[in-house]
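K.L.:
One structure coming up, written as structure tokens, with questions to follow.
Quick note: the coordinates plus some simple rules give every number you see, no bench work behind them. The model shown is predicted, which means the values in this text are computed figures rather than measured ones. Virtual Cβ from ideal backbone geometry, glycine too; neighbours counted across all protein chains shown.
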Amino acid sequence: MLAEMKSGVMDLKFCILMGSPRKKGNTIKLLTPFVKELELNNIPYDLIWLYDKRIEPCIACRKCQENWSIFGCHYQDDAREIFDKIRESDVIVLATPIYSWFCTPPMKALLDRLVYGMNKYYGEEKGPSLWAGKKLAIIATCGYRPEKGADLFEEAMKRYCKHSQLKYVGMIAERDLGYKTVFVPNEERAKTLARQIIDQND
Ligand SMILES: Cc1cc2nc3c(=O)[nH]c(=O)nc-3n(C[C@H](O)[C@H](O)[C@H](O)COP(=O)(O)O)c2cc1C
């Protein structure tokens, strides 16, 4: 207990945004050992299945720029509770299958809502990033080799993090060899990513 408090582990909270529509698909298989590692270390987390939520696409009305301390979006949908859960967390995990070289649509819609709702950069005056300093990691599965399947999404998220003042931690991406092949996740890589984030002190 004392060791945990010293290392700051007690304070760490994860918000996992799950972008797969398939409850028993490849991405949850890769995410499961990661989550088990969090549980083993008594790390609290939220796991949010984005296809179960209503997340409208951003319409660039910029209402979110009027108040620098709240989300402020004009939509009354589920992105609000996700915004709050992210603000309570230290680490954001984007777990997604790659669709057309990017994340799936509800995750893209959420990323757009957050890049404006969290970053108060777009009003009359430039305001703060409300999530500066939080960490972001990616867990992806894709049909192509990860270097050709998940590379563009990773690059986009690196820029997204820099722009938002988030700390990009890294990505694990595993290949799906097709519907006739059983997907076997690399559990060790997923556990290692979890441990790496838990053990980081900054
Ligand atoms: C509509 C659609 C688009 C896809 N686009 C890509 C792609 O651009 N690149 C890629 O490597 N794999 C692509 N895939 C393959 C998925 O990323 C892969 O099968 C993934 O493991 C599915 O994860 P899931 O079982 O969690 O849904 C696509 C699959 C679908 C259904």
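K.L.:
How many residues does region 110-152 contain that are buried (at least 17 other Cβ atoms within 10 Å of the Cβ), within 16 Å of the ligand (Cβ to nearest atom) and without any contact (Cβ under 8 Å) to a residue 60 or more places away in the chain?
P.N.:
6
K.L.:
Something else: Does region 70-86 contain at least one residue that is hydroxyl-bearing (Ser, Thr, Tyr) and crowded, with 17+ Cβ neighbours inside 10 Å?
P.N.:
yes
K.L.:
Kindly provide the set of residues from region 155-184 that are exposed (fewer than 15 other Cβ atoms within 10 Å of the Cβ) and in a loop (DSSP other than H, G, I, E, B), ordered by number.
P.N.:
Selection gives Leu177, Gly178, Tyr179, Lys180, Thr181, Val182, Val184.
K.L.:
Looking only at region 90-109, filter to residues that are surrounded by fewer than 22 Cβ atoms within 10 Å (Cβ to Cβ) and among the hydroxyl-bearing types (Ser, Thr, Tyr); which one of those is farthest from Arg22 (Cα to Cα)?
P.N.:
Among them, the one singled out is Ser100.
K.L.:
Can Tyr116 be described as over 24 Å from Tyr51 (Cβ atoms) and outside any strand (DSSP E or B)?
P.N.:
Numbers: over 24 Å from Tyr51 (Cβ atoms): no; outside any strand (DSSP E or B): yes.
No, not satisfied.
K.L.:
Within region 87-97, is even one residue in a helix (DSSP H, G or I) and in contact (Cβ under 8 Å) with a residue 24 or more places away in the chain? Please lay out each step first, then the result.
P.N.:
If we filter region 87-97 for residues that are in a helix (DSSP H, G or I), which is where we start, we get 87-88.
Those left that are additionally in contact (Cβ under 8 Å) with a residue 24 or more places away in the chain: 87-88.
So far as region 87-97 goes, yes, one or more of its residues are in a helix (DSSP H, G or I) and in contact (Cβ under 8 Å) with a residue 24 or more places away in the chain.
K.L.:
Taking the conditions exactly as written (part of a helix (DSSP H, G or I) and within 12 Å of the chain's Cα centre (by Cα)), does Ile138 satisfy them or not?
P.N.:
Details: part of a helix (DSSP H, G or I): no; within 12 Å of the chain's Cα centre (by Cα): yes.
For Ile138, the condition - part of a helix (DSSP H, G or I) and within 12 Å of the chain's Cα centre (by Cα) - is not met.
K.L.:
Taking the residues in region 185-202 that are among the charged types (D, E, K, R) and outside any loop (DSSP other than H, G, I, E, B) as candidates, determine which candidate is farthest from the ligand (Cβ to nearest atom).
P.N.:
Per the criteria, the residue is Asp199.
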